[in-house]
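Peer 1: Sending over a structure as structure tokens; questions will come in a sec.
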Amino acid sequence: MEMLLAFAVSTITLATPLMLAALGETVSERAGVVNIGIEGIMLTAAFTSVAVAYATANPWSGQAAALVGGLLFAASFTALTVNAARDALLVGTAVNMFALGLTAVARRELVGDSNTAFVVPTLPIWSGPLVACALTVGVWYWLFQTPSGLGLRAAGENPTAVASAGLSVARLRWTASLFNGAACSLAGGYLALGLSNTFVEGMTAGRGFIALAIVLVGRRHPGGVVLGALGFGAASALQFRLQALGVDAVPYQFFLALPYLLTLAAAAWVGRRMTPARAAR
């Protein structure tokens with residue numbers, strides 16, 4: 001029983017950063033904006049959260065800083081893609097590469113040697129899952145039970161009709177994209193302050209791309225996204241358990257890759273049966 005409870009706790013906490021990021025991306029894609037730069041947004045938020053928590057000895061101020069850092073990147077992405085009509089794939093790739101280099105340099109400026117470990121105060125472990133649960137309900141209600149949610153979804157499906165109704169497509173997409181940035185910032189902050197209590201270069205380790213796959217697996221619906229994130233969390237918790245058991249017959253690299261392989265396989269299977277928003281950028 002204790003083993004099962006520990007597995008459930010690990011599953012939920014490991015799924016939380018993905019759940020937050022995937023919920024944000026769900027809203028963004030519903031408005032027609034696909035942001036592959038969420039990996040960079042999460043990484044930037046993780047660094048700013050740790051840097052401020054390190055300076056203030058307060059994890060909550062670190063989480064607030066994560067929002068600021070992540071939103072700056074999200075706003076830059078939105079301005080270039082929505083207003084300047086630049087290619088979202090290229091801009092998102094640039095965001096990821098810039099964030100990776102910037103946070104690596106900034107970390108070394110902060111603590112010197114790249115191998116030096118520094119520890120910061122942590123957020124309560126259940127703070128992230130609670131926020132993720134509340135956000136799931138809020139996103140579902142917003143998208144499917146409110147006029148503003150209807151307008152936002154219409155911006156992704158038929159922007160011409162939205163403009164004819166007197167609504168600003170650009171404003172709706174800005175709203176969705178900034179919400180995505182805030183959710184990804186919370187994800188990065190929780191990853192650093194809730195799960196790791198430190199910052200390591202490249203610590204997001206592809207979670208932004210897995211979140212994109214989870215949005216696909218979950219069919220851009222909050223409920224489906226939560227199930228997809230929990231599936232990845234369960235696979236991650238399982239690989240830790242299998243490594244702890246010392247299964248020598250299978251290389252440990254397989255256990256490390258297992259969550260990613262399962263998520264990508266699910267995304268490939270679902271992707272054949274799913275079409276993107278008609279006006280996705």
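Values quoted throughout were computed directly from the atomic coordinates according to the rules given, and no laboratory measurement underlies them. As the structure is a computational prediction, the values presented were derived from the model and not from experiment. Note: ideal-geometry Cβ built from the backbone for every residue, glycine included; neighbour counts use all protein chains shown.
Peer 1: Most mobile of Val27, Val162, Val120 per a Gaussian network model of the chain (Cα springs, under 10 Å)?
Peer 2: Largest GNM mean-square fluctuation: Val162.
Peer 1: Mean-square fluctuation check for the chain, GNM, Cα pairs under 10 Å: which of Ala85, Ala64, Ala155 is largest?
Peer 2: In this elastic network of the chain, the residue with the biggest mean-square fluctuation among Ala85, Ala64, Ala155 is Ala85.
Peer 1: How much length, in nm to one decimal, is gained on full extension between Ser61 and Trp269, taken as 0.36 nm per residue of separation minus their Cα-Cα distance?
Peer 2: 70.7 nm
Peer 1: Magnitude of the Cβ-charge dipole of the chain, K/R +1 and D/E -1, about the Cα centre, nearest 20 debye?
Peer 2: Charge dipole, the chain, about its Cα centre: 800 debye, nearest 20.
Peer 1: Helix 127-145: angle to the longest alpha-carbon principal axis of the chain, degrees 0 to 90, nearest 10?
Peer 2: The helix 127-145 is inclined about 20 degrees to the chain.
Peer 1: On to the next question. Select from Phe118, Phe77, Phe179 the residue whose mean-square fluctuation is largest in a Gaussian network model of the chain (Cα-Cα springs shorter than 10 Å).
Peer 2: Most flexible of the set in this elastic network: Phe118.
Peer 1: Go ahead and run the numbers for FRET between Ala75 and Met3, Cβ-Cβ distance against an R0 of 35 Å, rounding to 0.05.
Peer 2: Efficiency, rounded to the nearest 0.05: 0.20.
Peer 1: Helix 88-111 versus the longest principal axis of the chain: what angle, 0 to 90°, nearest 10, using Cα atoms?
Peer 2: Taking Cα atoms only, the helix is inclined about 40 degrees.
Peer 1: Could I ask something else about it? On C-alpha positions alone, give me the angle between the axis of helix 2-30 and the longest principal axis of the chain, in degrees, nearest 10.
Peer 2: Between the helix axis and the principal axis of the chain, the angle is about 30 degrees.
Peer 1: Which order, highest average first, do 186-194, 48-56 follow once you tally other Cβ atoms within 10 Å for each residue and take the mean per peptide?
Peer 2: 186-194, 48-56
Peer 1: What percent of all Cα-Cα pairs in the stretch 2-271 falls into each 5 Å bin, going from 0 up to the bin containing the maximum distance?
Peer 2: Reading the bins upward from 0: 1, 7, 13, 17, 18, 17, 13, 8, 4, 2, 1, 0, 0.
Peer 1: How many angstrom lie between the C-alpha centres of the stretch 20-57 and the stretch 99-149?
Peer 2: Distance between centres, Cα-based: 6 Å.
Peer 1: Moving on to the next point. Run the dipole for the stretch 57-172 about the Cα centre, Lys and Arg Cβ at +1, Asp and Glu Cβ at -1, nothing else charged, and hand back the magnitude in debye, nearest 20.
Peer 2: Roughly 120 debye for the stretch 57-172.
Peer 1: Measure off 7 Å from each Cα along the Cα-to-Cβ vector at Leu110 and Arg86, then give the distance between these two points in nanometres to one decimal.
Peer 2: Distance between label points: 2.5 nm.
Peer 1: Per-residue ellipticity at 222 nm for the chain, helices alone: DSSP H runs ≥ 4 residues times -39500 (n - 2.57), over residue total, nearest 500 deg cm²/dmol?
Peer 2: -25000 deg cm²/dmol
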